[in-house]
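Taking it in order: structure first as structure tokens, then the write-up.
The values are calculated or read from the model by the stated rules, or taken from the named source; none is laboratory data. Treat the numbers as computed from the prediction; the structure is a model and nothing was measured. Don't worry about glycine lacking a Cβ; one is built from the backbone with ideal geometry, like all the others, and counts go over all protein chains shown. These area figures cover heavy atoms from the full protein model, side chains too; ligands, DNA and RNA do not enter into them. Shrake-Rupley method; radii C 1.70, N 1.55, O 1.52, S 1.80 Å.
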Amino acid sequence: MLHIVACIKQVPDTKIIKMNPKTNTMDRRTAPAILNPYDAHAVEEAVRLRERYGGTVSVLTMGPPPAVKAIKKCIEIGADEGYLITDRRFAGADTLATSYALTKALNKISKENPVDLIICGKMSIDGDTGQVGPGIARRLDIPPLTSVNKVIEINKQEGKAIVQRKLEDGYEVVQSTLPCLFSVEKTINEVPYAPFPNMLKAAKYNPYIWSVDDLEDVDIKQLGLKGSPTIVSKVWAPPKPEGGTMLEGNRQEQVEQLLSVLLEKKELFMTKGES
Amino acid sequence: MDFQDYQGVWVFIEEKDGAIAPVSLELLGAGRRLADKRGVELAGVLIGDHIKHLAKTLFEYGADLAYVYDDPIFKHYRTESFMKALLDCSAKYKPEIILYGATSTGKDLASAVATDLPTGLTADTTELDVEEDTGLLLASRPAFGGNIMATILCKKYRPQMATVRAKVMKALPPESGRLGRVVEESILLQEEDIRTKVLEIVKETTKKVRIDEADIIVAGGKGLGSAEGFQLVHQLAETLGGAVGASRDVVEAGWVEHAHQVGQTGVTVTPKIYIAIGISGAIQHIVGMKNSSLIIAINKDPQAPIFESCHYGIVGDAFEIVPLLIDRFQEVMSKEGVSHV
Ligand SMILES: Cc1cc2nc3c(=O)[nH]c(=O)nc-3n(C[C@H](O)[C@H](O)[C@H](O)COP(=O)(O)OP(=O)(O)OC[C@H]3O[C@@H](n4cnc5c(N)ncnc54)[C@H](O)[C@@H]3O)c2cc1C
């Protein structure tokens, strides 16, 4: 029986977000909050592993109270339990402070039911870093395995996991001791539409909600903005490019002009053609 | 923490099968500029098995010295072993800045090292600068889905760290015979101390084009209408001897694989010729191709933002322009006696 925890995040949907061009800030009203798309794959993989080996899937998130909605989404995918840590003292956390807070929550979850495996999405679409997963692994002193695109085997008796890690030019097969942490690629699985019973369960589900005071051994100085070594000093709109020369005329004339532009770089076509 | 103790700019050198990753050489170029501004040394950190001889390449590309951890235990990249070497080196020699390529290896390593040090880490940086007197690293990157740029600082910790995207910094032209100091280091590390083992490495040998290495890229967008329409892009690419690029919307529609996606969540490319067909020119696409030497845009909407980011633009229907271009190009080239097919 495995206990798998997926770490997830609620994010503004950056696909439809609008920026306020005057202040260079996000207009949050325009962006609905969604489950970070990468994390859906993390939860799905946890659920599939539970189906293969038996056990429990928990999801954990840090965020404001509305993040309960993201947890419910994970219950729809098939998670058993959800944990939200929420507190103003967590606010403004960068990746270092985030991994610290999540690790404290993981310690508490582990006390009840020891965790064998942690799965994170590759990155979040708002923070865009992919740094929190490995950060958690280091803090728990367990091996981080990033870029996982296939889980070959989990063997709790022998305390080992074997996975495929995606590389720029192929993949590698890696064995690790358990417990360990995966951050998974989008390609690891496809998240199907939620089965109806899960939707019913999610609608009624109430996650565990903890504040800083519910966690143990917390050094307040390492939380939130205070615990974050990085700060955003300024934001600016990238300079507008100037634009180029338009090739005018009818179709034939446009193509002839384009052709002569290309032929100025004739050497590129020559060498390619002869080699 | 006394900042005076932290001096020098470092680049983590990524090596694979005996070759240095191009991004590491680009970072030596960027690092050189930072080090010169600060009046400090630029070092490369080389970790691997039988890699000592690569140090001279680092010097040719601008490094003053190379810290070398050469040991069979480093044959394959593993977070734990590489992290221990880098932490050891950093504790001993105290750099003010460490840069990594924003590759899967570079990000993996940097995230682990940042947690243990601890220090701040900026991901996917696209612009780097340093304050001359304070040594504060100004690491800038696209934020909030690429709509704006943000400059990230790490004021209270040293070393400051950033992962930097491939193809946005420029490597210096190599200066052959340029010399530097090799500092050989080692750490006590047994195979049993490391909890992961690489069992197998599989290269995907299909003739997959690495679009980040192509001289010519023909990229297509949603304007091509369908997977069939997108064939036009393949045809022009084949005619010109180039690789195929795509916008994200095309990849999401399933017309081509993600490996072809250019932009913020795809690949950054800097080919000699980039032809964008039926691509609107969203900022997230532009950041991935704007440093190409020659950008040509074909789009039927005269208002399309892509025309602001190109050198030459044609307002027109791709299905009329491109077939004509293919015909004319083939005609001219066959007269020149060169053929691709
Ligand atoms: C967080 C985030 C990350 C992103 N990352 C990326 C990324 O890495 N890469 C990327 O590309 N995008 C990325 N995007 C998406 C980006 O914002 C745009 O949505 C996308 O680039 C648009 O693709 P497109 O230009 O193909 O499609 P559209 O915007 O739909 O443009 C189609 C264009 O084709 C033209 N057209 C139509 N018919 C014809 C014709 N017959 N002949 C000629 N022209 C025609 C139209 O005028 C239009 O300009 C990202 C977005 C977000 C929020």
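Points to keep in mind about this one:
- In region B:130-154, residue least open to solvent (accessible area, probe 1.4 Å) [restricted to those that are facing chain A (nearest Cβ under 7 Å) and not in a strand (DSSP E or B)]: B:145
- If you go through region B:207-233 and keep only what is assigned to a helix (DSSP H, G or I) and either farther than 22 Å from residue B:306 by Cα or in contact (Cβ under 8 Å) with a residue 12 or more places away in the chain (or both), you end up with B:211, B:212, B:213, B:222, B:223, B:224, B:227, B:228, B:229, B:230, B:232, B:233.
- Residue B:243 vs. criteria among the aliphatic types (A, V, I, L, M), over 19 Å from residue B:319 (Cα atoms), away from the ligand (no atom under 13 Å from the Cβ) and without any contact (Cβ under 8 Å) to a residue 40 or more places away in the chain: yes
- As a summary of the residue check, residue A:268 satisfies the conditions (1) over 30 Å from residue B:140 (Cα atoms); (2) open to solvent by less than 30 Å² (accessible area, probe 1.4 Å); (3) more than 13 Å from chain B (Cβ to nearest Cβ) except for the one numbered (3).
- Restricted to region B:1-114, the set of strands (runs of 3 or more DSSP E) holding at least 3 residues that are among the β-branched types (Val, Ile, Thr) comprises B:9-13.
- Some residue of region A:194-201 being within 10 Å of chain B (Cβ to nearest Cβ) and modelled with pLDDT of 95 or more: no
- Residue within region B:309-319 that is among the acidic types (Asp, Glu) and more than 9 Å from chain A (Cβ to nearest Cβ) present: no
- If you go through region B:137-195 and keep only what is within 16 Å of the ligand (Cβ to nearest atom) and within 18 Å of residue B:24 (Cα to Cα), you end up with B:165, B:166, B:167, B:168.
- Top-ranked residue of region B:212-224 - restricted to ones that are open to solvent by less than 10 Å² (accessible area, probe 1.4 Å) and more than 12 Å from every other protein chain (Cβ to nearest Cβ), ranked as nearest to the ligand (Cβ to nearest atom): B:221
- Residue match in region A:128-136 (condition: under 11 Å from the mean Cα position of the chain (by Cα), β-branched (Val, Ile, Thr) and more than 7 Å from every other protein chain (Cβ to nearest Cβ)): yes
- Of all residues assigned to region A:162-184, none qualifies as being open to solvent by less than 40 Å² (accessible area, probe 1.4 Å), among the acidic types (Asp, Glu) and over 20 Å from residue B:77 (Cα atoms).
- Scanning region A:167-189 for residues that are of a type outside the set (Asp, Glu) and within 7 Å of chain B (Cβ to nearest Cβ) turns up A:167, A:170, A:171, A:173, A:174, A:175, A:176, A:177.
- Taking region B:332-341 as the range and being outside any loop (DSSP other than H, G, I, E, B) and either modelled with pLDDT of 80 or more or surrounded by 14 or more Cβ atoms within 10 Å (Cβ to Cβ) (or both) as the test, the residues that pass are B:332, B:333, B:334, B:335.
- Test for residue B:65: is it buried (at least 24 other Cβ atoms within 10 Å of the Cβ), away from the ligand (no atom under 16 Å from the Cβ), more than 8 Å from chain A (Cβ to nearest Cβ) and touching a residue at least 12 places away in the same chain (Cβ under 8 Å): no
- Residue match in region A:172-194 (condition: part of a strand (DSSP E or B) and among the acidic types (Asp, Glu)): yes
- Positions within region A:185-220 being under 21 Å from residue A:141 (Cα atoms) and open to solvent by 90 Å² or more (accessible area, probe 1.4 Å), in sequence order: A:216, A:217
- Count of region B:168-208 residues which are within 12 Å of chain A (Cβ to nearest Cβ) and among the aliphatic types (A, V, I, L, M): 5
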